[in-house]
Structure formats: structure tokens, C-alpha cells
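Okay, structure first, notes after.
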Ligand SMILES: CCCCCC/C=C/C(=O)SCCNC(=O)CCNC(=O)[C@H](O)C(C)(C)COP(=O)(O)OP(=O)(O)OC[C@H]1O[C@@H](n2cnc3c(N)ncnc32)[C@H](O)[C@@H]1OP(=O)(O)O
């Protein structure tokens, strides 16, 4: 029995585990005990929750009383992962411990390796020549908060400069990403709603720019349903792999909004005006197979073998000559870069107007008043 003691939180590491990489999991557990720095309560609770989810599955214990603060925090952390599979939890556990250990690295003056970027809502790791940026708010279907947009810009910036060969974006839990967090538009900050719309527009412009200018092969591993801005930027990825149960939904007119992520240009280019209009104007949700037939998705894999097949392929891609990959990608993309930036500017300008419209405000209120989901 190997116990890693955190005040108030004990991890008893016994018992058989599901899945193939028991060795990785055990190595991560052992590495946990070598951490020199306290990772903080938020991270410790995440470690605890992922360990429980990986070894026992969804939280199956009664909720502690309100005054039992430590155990209630542990219970909440574990409960929040209930939609995360044990395999996924195990992978996230291994990824998180690796990022913490590499963040400590050898005690030298150089900055910690970029693979150690610690974020609140992302899990970013670099391994086998692949930097993986994982949306990590599974309890909120990986909806993107304002801070998360900033983290994604930062993560893409680092990934573009680190020593990885390719960059992969994927989601934790059963969703790829639920798009914009609709709470982003509920609190009216100082400076009023106009300032909020303008600031959000600037943030979105920089967010999409990070994809347009990304210098390395960028691959989406769509592990579940994808909505909104997480779908529209797929037109700026180099390859999109999807599990068969994934869906792709851009409910813009339902939300009183308009397309972003350069999709007003890339979608018609990829799938033709009529199919693009069905998605961008008429809110049509498409399956992974339909998205593949439209050209938005490169290949669809069976749910059961998706992760193993895709990661085997990505590891092979990451063994290719990095400069050849990056320079060839830039050749393919350079012709349209100026056009894409102009499209991004026009889409943002239109969205700022939309966000200030009654149509949009009413649609967002409908969502939070638990009207029928999209
Ligand atoms: C800087 C600004 C840039 C803006 C760019 C413009 C971008 C536009 C878009 O992305 S438009 C698309 C926005 N996304 C949505 O409208 C999706 C809204 N969510 C849903 O319709 C549903 O939640 C669902 C279909 C994604 C999943 O349904 P279900 O499986 O029934 O789960 P829940 O609804 O119970 O969701 C669990 C939990 O997550 C919260 N949540 C899910 N998605 C969002 C979201 N986009 N924003 C905020 N919160 C979200 C949901 O409220 C639940 O929370 P709770 O458990 O109730 O606290």
C-alpha cells in the first residue's frame, strides 16, 4: 500500500485498474510522491478526483455534511468527474502528474519546460513530439470561459515555439467542447455592455488569429460533441479526426449570433454554400460521418478504438522531419492568410453588433431559464 499524504486527503493506491497502461498509472503514482513543491489545493483535489475516478469510476459515496469541509471538497471534486470514463480519468491523471513533475524539473535557472505550462482550464502536455492542449472543464462540457480563451491563445503560442513536431487539441470527458461559455455574456462589467462586446470582440479576434498564424501541423481529436466556436475553427486545422459518436453544431442564428472562426469563408470553401448555410444559418447539427462527407472531418473512427487508433497515428506523424512539416504547412496556408485575417475582422465586427442585439440577449436568457437545450 503506497500512501501519498496531503493534509486531509489520503490516496491509498491499491487495487487492480482498468485498461492497458497500468504501468503508466503506477509510475505516475510513484512520481507523485517525489513532488518537492505543494501543487496547491485545487490541483491536489484534481489529483484526488482523477485517482478515484480512474480506480473506482463515478462517485458512489454519500455526500458529506456541509460542515465536513475537507471531505465535501473531495466529494465534490470526484463527483464533478462523473461523466469522465475511467480510461480518460487515468490518462488525465498521468498527464497531470507528468506536467507537475516536469514543472519542477532539475533545480536550474532556465525556465520550466514549456510542456509544464500549468493552466486552470486546460491540460497541456508535451510527449513523444506531440504537444496536446486538452480542454479541461468536463463538468461544463468544456465550455470556453473568457480566461480559457486567453489560456488557449497562450497555449497555442507556446506550442508554436516548443520543440514538439505537431500540436493536438482535444477534450476531457464526454464532450469535445460546448463552445462559448454563455456565462461570458451575463455579468455586465464596469464600462457597460458596449465595452464588454468590444473587449470580447478583441479577445475573439486574437483567439482566431492564433489558429490562422499557427506554424505547425494542428490536429483536432474530436472525442465527442462539438459546438459553436470549437466547430468553426476546425476549418483552420490541418487534420480533424472524430470519434463516430461526435456531432458538430453551430447554433448561431438560434442564439441571435453570427459565424466566427473564419467559417463564413472556410465552410463554403470546404462544403459549398448550401451545406455551409444549413450549418451556419439554419443550425443543422451534423454527425461525424456527415461532417466527414462534407470535408470538415478528415476521418471518423469507431468509438471503441478511437483513442488508440488516433494516438498511434499521431505518434507516427510526430516522428516525421519537423521543419519539413512546418514549412510545407506554411506553404499550403500562406496563400490565404491575408484573406483569413480580413474575414476574421469582418466576423468580429458583425458579432459585436449581434452581442448588443435583443435577439442575442433573449436567446442567452432562454438558455439559462432552462428552455429546451440546443
Ligand atoms: C470572447 C467571446 C467569444 C465568443 C465567440 C462566439 C462563439 C459562439 C458559440 O460558441 S455559440 C455556441 C455556444 N454554446 C451553446 O450554446 C451550448 C449550450 N449548451 C447546451 O446546449 C447543452 O449544455 C449541451 C447540449 C452542450 C449539453 O447538454 P447536456 O448534455 O444536457 O448537459 P448540460 O446542459 O446539463 O450541461 C452540463 C453543465 O454544463 C453547462 N454548460 C454546457 N454548455 C455550456 C455553455 N456553452 N455555456 C455555459 N454553460 C454550459 C450546463 O449549464 C450545465 O451546467 P450545470 O450542471 O447546470 O451547472
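FYI, it's all coordinate maths here, none of it is from the lab. Model, not experiment: these values are computed from the prediction. For neighbour counting, all protein chains shown are included, and Cβ atoms are generated from backbone atoms with ideal geometry for every residue, glycine included.
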>> Restricting to DSSP H runs of at least four residues, report the calculated mean residue ellipticity at 222 nm for the chain, -39500 (n - 2.57) per run over all residues, nearest 500 deg cm²/dmol.
In response: -15000 deg cm²/dmol
> What does the highest-first list of 123-129, 345-351, 246-252 look like by mean Cβ count within 10 Å?
Replying inline: 246-252, 123-129, 345-351
> Å³ per residue of the Cα convex hull, for segment 163-221?
Replying inline: 120
> Restricting the count to DSSP beta bridges whose residues both fall in the chain, what percent are antiparallel, rounded to a multiple of 5?
Replying inline: 40
> So for the pair residue 128, residue 337, with labels modelled 7 Å out along Cα→Cβ, what separation do we get in nm?
Replying inline: 3.1
> Based on the Cβ-Cβ distance of residue 328 and residue 26, what FRET efficiency does E = 1/(1 + (r/R0)^6) give at R0 = 35 Å, to the nearest 0.05?
Replying inline: 0.30
> Once fully extended, how much extra length lies between residue 203 and residue 273, figured as 0.36 nm per residue of separation less the alpha-carbon to alpha-carbon distance?
Replying inline: 22.4 nm
> residue 316 label point, 7 Å along Cα→Cβ, cut-off 20 Å on backbone N: hits in segment 211-241?
Replying inline: 217-222, 238-241
> Rounded, prolate or oblate: which one fits the chain, using the alpha carbon gyration tensor with axes a ≥ b ≥ c (rounded when a/c is under 1.5, else prolate when a/b beats b/c, else oblate)?
Replying inline: prolate
> Does anyone have the angle between helix 337-355 and the longest principal axis of the chain? Alpha-carbon axes, 0 to 90°, nearest 10?
Replying inline: 90
>> With a 10 Å cut-off between alpha carbons and a GNM built on the chain, which of 22, 233, 221 moves the most?
In response: 22
> Cα axis of helix 322-334 to longest principal axis of the chain: angle in degrees, 0 to 90, nearest 10?
Replying inline: 30
> Taking a ≥ b ≥ c as the square roots of the eigenvalues of the Cα gyration tensor of segment 253-332, is the shape rounded (a/c under 1.5), prolate (a/b larger than b/c) or oblate?
Replying inline: oblate
> Going by average Cβ neighbours within 10 Å, how do the peptides 37-43, 54-60, 95-101 rank, with the highest at the top?
Replying inline: 95-101, 54-60, 37-43
> Of the residues 264, 305, 102, which exhibits the maximal mean-square fluctuation in a Gaussian network model of the chain defined by a 10 Å Cα contact cut-off?
Replying inline: 305
> Once both axes come from the Cα atoms, what is the angle between helix 358-368 and the longest principal axis of the chain, in degrees from 0 to 90, rounded to 10?
Replying inline: 30
>> Give me the extension gain from residue 82 to residue 366: residue separation times 0.36 nm, minus the current Cα-Cα distance, reported in nm with one decimal.
In response: 99.6 nm
> Among 295, 173, 228, whose mean-square fluctuation peaks in a Gaussian network model of the chain (Cα, cutoff 10 Å)?
Replying inline: 295
>> Quick check for you: which residues of segment 225-253 have the amide N under 13 Å from the point 7 Å beyond the Cα of residue 359 toward its beta carbon?
In response: 252-253
